[in-house]
Amino acid sequence: MSERLITIRHVAVIVAQDYGTSLAQMRGPARKSVDVTPRQIAMYLAHHLIGRSLPAIGRYFNRGHTTVLHAIRAVTEDARQDHVLAGRLLDLEERINAADRRIEPEPTPSTPVVGPEPSPLLPITIVMAPIQASDDPRVRRVIDAVRGYVESRRALSDAAYTRGEAGARRRVETEYALLDRAWSAYAAGRDRS
């Protein structure tokens with residue numbers, strides 16, 4: 001496995017943007033849930049995705065290594081029970097991996113710097129394929145849920161990650177959970193017939 005170029009700070013910034021908080025709040029002494037949850041998720045991702053040690057993660061967040069260990073265990077257990085959180089973790093992992101691919105290593109003195117500057121992030125574009133209409137109410141629920149999810153994702157991709165947009169993020173996650181349940185019910189009914 002090659003060395004990851006992304007740092008704990010990069011992970012923390014991505015998580016802070018997603019949760020609508022700041023690095024100062026995540027690294028600060030606050031113990032409110034709104035500050036602790038993103039901090040724990042950043043600790044979890046820094047350990048599992050980029051392989052940083054517990055003491056190194058603890059130093060970055062001004063915590064001890066046992067606090068980091070507790071955060072990793074708590075997020076792991078919560079993700080097993082909460083499918084919305086598990087989906088959010090996957091989304092964050094994708095964003096962190098994408099950021100890691102965009103970070104270029106520092107050039108060595110023998111390597112000349114050649115090439116254009118990296119382009120800024122482009123917004124995500126979601127294209128909805130046409131869906132066949134059906135009279136089956138279960139199929140209609142699934143189709144409506146998919147449309148709602150796609151529209152929410154489209155709106156979310158245009159949104160700035162501020163504290164005010166955190167509500168939009170939560171609404172998308174709720175709609176995704178509803179979509180997942182509707183699809184499971186539809187698939188279960190389809191398997192029986």
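FRET efficiency for ALA99 and LEU69, Cβ-Cβ distance as r, R0 = 30 Å, nearest 0.05?
Between ALA99 and LEU69 the formula returns 0.75.
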* Structure fact -> Expressed in angstrom, Rg and Dmax over the Cα atoms of region 1-60 are 11.2, 37
* For region 63-84, list residues with backbone N below 20 Å from a point placed 7 Å from the Cα of THR174 toward its Cβ? -> 82-84
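Mind checking the per residue accessible area of region 8-78 for me, 1.4 Å probe, whole number of Å²?
47 Å²
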* Structure fact -> A chain fully extended from ASP91 to GLU77 at 0.36 nm per residue, minus the present Cα-Cα distance, gains in nm 3.3 nm
* Structure fact -> Given a Förster distance of 35 Å, the FRET efficiency implied by the Cβ-Cβ spacing of ARG181 and ALA56, rounded to the nearest 0.05, works out to 0.30
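The values are calculated or read from the model by the stated rules, or taken from the named source; none is laboratory data. Just so it is clear, the model here is predicted, and its values are computed rather than measured. Cβ: placed from backbone, ideal geometry, glycine included. Neighbour counts: every protein chain shown. Side chains included, ligands, DNA and RNA excluded: accessible areas come from the protein's heavy atoms. Shrake-Rupley method; radii C 1.70, N 1.55, O 1.52, S 1.80 Å.
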